[in-house]
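Report on the structure given below.
The values are calculated or read from the model by the stated rules, or taken from the named source; none is laboratory data. All values reported here derive from a predicted model rather than from experimental measurement. All Cβ positions, glycine included, derive from the backbone under ideal geometry; neighbour counts span all protein chains shown.
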Amino acid sequence: MDEYKKLKNLIDEQKEGNDYLNSLNLHICNNDHENVIIISKKFGKRVLFLTGRNAMRNLGFVRKYLDLFKKNGLEVTHFDNISSNPTLKEMEECVELAKNFKPDFIFALGGGSTIDTAKAISLGLFGKIWDFVNKKSEIVDSIPIVASITTLGTSSQVTPYAVITNTDTAEKKTVKSLRILPKLSIADIDIIKHAPKSIVSSAGFDMLCHCIEVYTRKECSEIADIYLKEAFRLIGNNLIPSFKEDNPDYILNMAYADIYAGIALSLIGTHVPHAISHPLSARFPEIKHGESLAYVMPETCKLQIEKGDDQTKERFKEISLMIGGDEDFNKTLQSFISNLDLKKNFRKFNKNEIDMITKDTLSYRKSSVERSPVHFTEEDIKHIITKSLE
């Protein structure tokens, strides 16, 4: 059975009564650009087209898609002021553009940053984005999003989450709602194959971390386990090769891994490593999200294994074996970090910087810390952050 049939059968078997799984609409393809536009026309005639600042323009995809929108009778406006850690100010800037243009839907062509921006704008047309993040306002409306992923790892194209950095408060928070789950999720290998190796590495490691955190949650369900085991299988066989070689088969397999991982993430959620990594990249936005996880994942998992019960220790062993290692999870994780060249940009942090990140983690990311499979004290969190960053 090929991966598409396996994935579709899994979703079909489990979607009864599950609003999230019932809402997924996947399109995995290679060089299917015009057909994607034609499919998208069912969402309306006026499209807000989002991309990042440079990559899609330099590769010619911005021009290609603008031409295809017009060829197929769509009115389009384009916004590309989106950074790698998208900020509330950038999103609010685009909301003003959108309010004037009045789009029927948003077409996001980019990585997780671009797709998260689309999600925030979809909400921002109906209220203040940060009020939705802080749950001061109820999410009651949005406009449809078409998400064509250009990198593999965030799984944003199949999740109901958006991550937003507020530079005024130095906070990086998440908003969750099925209303921002893309109505159409696209993985076109013709686009994804152009991702820089540094992005393949950092985003791919983010995917692996999603899976590890979900699999070790006490709340991890039998359904999530099924998707995670498929993701681990594909990641173990394809992540490092996709970084080291140019082979479309590895890319396609990682595209499926990204979907499996995103489904499990949406069903369960993450815990401590993401709780620390978000404040780290909020304070230091030049650090890619996957790189921030490479800083903190080893020490976090090491302490969870040391303090964990037999079930937790066994889950980490199982992960290590599923991704091609032996029973020593810590060694296997370090091997991935090394092979993905994630330490090349590492820097040391001073005491004041470490104290800031610790304070942030224990304040606005505290709920994520509390989802740890092992109870961590404030001293434990401080120890993890200090050992990871000093």
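Residue count for the range 322-342, restricted to those that are touching a Gly at 6+ places or on another chain (Cβ under 9 Å) and assigned to a helix (DSSP H, G or I): 6. Being modelled with pLDDT of 95 or more, over 18 Å from PRO160 (Cα atoms) and in a helix (DSSP H, G or I) is true of LEU239. In this structure, does PRO285 turn out to be under 22 Å from ARG233 (Cβ atoms) and either in contact (Cβ under 8 Å) with a residue 24 or more places away in the chain or out of contact with any strand residue (DSSP E or B) (no Cβ under 6 Å at 6 or more places or on another chain) (or both)? Considered against the rule, which asks whether it is under 22 Å from ARG233 (Cβ atoms) and either in contact (Cβ under 8 Å) with a residue 24 or more places away in the chain or out of contact with any strand residue (DSSP E or B) (no Cβ under 6 Å at 6 or more places or on another chain) (or both), PRO285 comes out as no. Looking at THR114, is it closer than 28 Å to PRO241 by Cβ, under 19 Å from the mean Cα position of the chain (by Cα) and assigned to a loop (DSSP other than H, G, I, E, B)? Answer is no for this residue. Just to be sure, is ALA108 in contact (Cβ under 8 Å) with a residue 24 or more places away in the chain, part of a helix (DSSP H, G or I), among the small types (Gly, Ala, Ser) and closer than 28 Å to PRO248 by Cβ? It is false that ALA108 is in contact (Cβ under 8 Å) with a residue 24 or more places away in the chain, part of a helix (DSSP H, G or I), among the small types (Gly, Ala, Ser) and closer than 28 Å to PRO248 by Cβ. Scanning the range 231-246 for residues that are over 18 Å from SER198 (Cβ atoms) and surrounded by fewer than 21 Cβ atoms within 10 Å (Cβ to Cβ) yields a total of 3. Selection over the range 357-389 of residues that are assigned to a helix (DSSP H, G or I) and over 14 Å from SER277 (Cβ atoms) gives a count of 12.
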